[in-house]
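Derivation of every value follows stated rules applied to the coordinates shown; laboratory data play no part. The structure displayed is predicted, hence computed values, not measured ones.
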Amino acid sequence: MSDEIDYKVKLEIFEGPLDLLLHLIRKNEVDIFDIPISLITDQYLEYLDMMKALNINVAGDFLVMASTLIHIKSRMLLPEKPKDGETEEEDPRMEITRPLMEYMKLKEAAEELSGRDVLDRDVFIRQLPKDFTTQFQGEEAPLELNIFQLMDAFKRIIEQRVPDAELTFASEEWSVKERMSFVMNKLKTQSDVFFSDLFSQGNSLAELVATFLALLELVHAGLIRIYQPDVDKDIRLEAHFNDNGEETDVEVIEIDY
């Protein structure tokens, strides 16, 4: 990426580097104790590039993890030089495997606590209202989604609609707040909306990007819920109502677009 690019931080990401690593491990269906470090590193850096292109703030811990992965990748490329009388050197990948294992334990504990209304502040809420869960009686519980799964879904839409396009954000053409109102107005007329319905065929690349950023802002603000009935079905959205059964006004959200 050229040094001449004027990158302005706009949207804070609400997942961490370990969440991204876990997403990549699950996406590639690999063993956490046998991580294909070259593949995971390359994909991790691709996600960082996409976040920068979308004006998502790439926090320092993401960059530290990127450096760690690159360092481990370089160590894995070096030929082994065993020395007589010395114990075998530890697998360099354990540098990320250990914190990943600890993080998975913490996530499991957090999910257990969420059942006690302790972590109701989570962006992608763990608990669903009774009227929501009744829609899925006789079916498996809806799947939780994270920002990286949304990025995957958005990337597929971009590849289908504007293949080979360079992903950039043009704030002067589209207002994210206007796109937020567009999404909320769509949810007022429909009980739930498919993720793909937000990105109609005639949209320009700039409008697609602004709509996706608007979606992330709404999720971050807790104004909408995102779920997936199962892995083979499209992502869905529904409005999140306040205690009075009303939608929160988009205008109260402070964003820098």
Which of K107/K177; K52/K107; K27/K186; K73/K233 exceed 28 Å between C-alpha atoms? The answer is K107/K177; K27/K186; K73/K233
For segment 220-235, just list the computed ³J(HN,Hα) in residue order, Karplus coefficients 6.51, -1.76 and 1.60, θ = phi - 60°, integers in Hz, with x standing in for Gly and Pro.
4, 7, x, 8, 9, 10, 10, 8, 9, x, 7, 5, 9, 10, 5, 5
